[in-house]
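Here is the structure we will look at, set down as structure tokens.
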Amino acid sequence: MPRTIQHIDAIARRKQRDALFVTFFDDPNRERSPFHWEVHPARAAIIEWLDAHGYVWEPCGEVASETVMRSYRGSIYIDVPFDSDNASYRALEAFLEYPDGSLRMPHMRFLVIDLEYAQENAHHDEPGFWDRWAEDF
């Protein structure tokens, strides 16, 4: 069933805070074949961990752009404040990163979009914006 997936910058504006998300990409050394986020091992492991530890998450698109169209690549927003004083954030960070900040799993990125940057696309939230954009596409 079709559903709407919000871009990470729209989520940051909705939450009125910086927003954490994880993106996924294909192994560049693998034989050329289509990227299938549905079976991405790191994505499956992260979702399993998030669910087992009671984290709220949702699929998200990457930062919205009026000049680039991307298909959904399996990115997920994780509903935890980007705050090193927050125990849930520290646990998430420890799961995803080694103490030196390198990632524990291949072919993924653990990112944050800050609210100030997300606000640059606030005009996207105006009613009918994307419908008008699509008419001119």
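All of the numbers you see were taken from the coordinates with simple rules; none came from a lab. Note that the structure is a prediction, hence the values are computed from the model and not measured. When we count neighbours, we look across all protein chains shown, and the Cβ atoms used for this are built from the backbone with ideal geometry, even at glycine.
Just going by the charge dipole of segment 8-135, with Lys and Arg at +1 and Asp and Glu at -1 on Cβ, which of Y72, G61, P41 is farthest out on the positive end?
So the residue we want is P41.
So which residue, out of H123, H40, H107, gets the largest mean-square fluctuation from a GNM of the chain using Cα contacts under 10 Å as springs?
H123
State the label only: which of [x] 17.5, 67; [y] 16.3, 54; [z] 16.0, 48 corresponds to Rg and Dmax of the Cα atoms in Å computed from the shown model?
Checking each listed value against the structure points to [z].
Please turn the phi angles of segment 52-58 into ³J(HN,Hα) values with the Karplus equation 6.51 cos²θ - 1.76 cosθ + 1.60 (θ = phi - 60°), one per residue in order, whole Hz, x for glycine and proline.
So the J values, rounded to whole Hz, are 5, 9, x, 7, 8, 9, 8.
Given an 8 Å cut-off on Cα distances and at least 6 residues of separation, report the relative contact order of the chain as a percent.
Relative CO of the chain lands at 38 percent.
Express in nm, to one decimal, how much length is gained between E126 and R70 on full extension, taking 0.36 nm for each residue of separation and deducting their alpha carbon distance.
Roughly 18.0 nm would be gained on extension.
Per DSSP H run of n ≥ 4, the term is -39500 (n - 2.57); total these for the chain, divide by its residue number, and report the mean residue ellipticity at 222 nm rounded to 500 deg cm²/dmol.
-8000 deg cm²/dmol
Along the principal axes of its C-alpha atoms, what lengths does segment 70-137 span, in descending order and rounded to whole Å?
Projected onto the principal axes, the Cα atoms of segment 70-137 cover 48, 27, 16 Å.
Would you mind calculating the gained length between Q119 and N86 on full extension (0.36 nm times residue separation, minus the Cα-Cα distance), in nm to one decimal?
So the chain would gain 9.5 nm between Q119 and N86.
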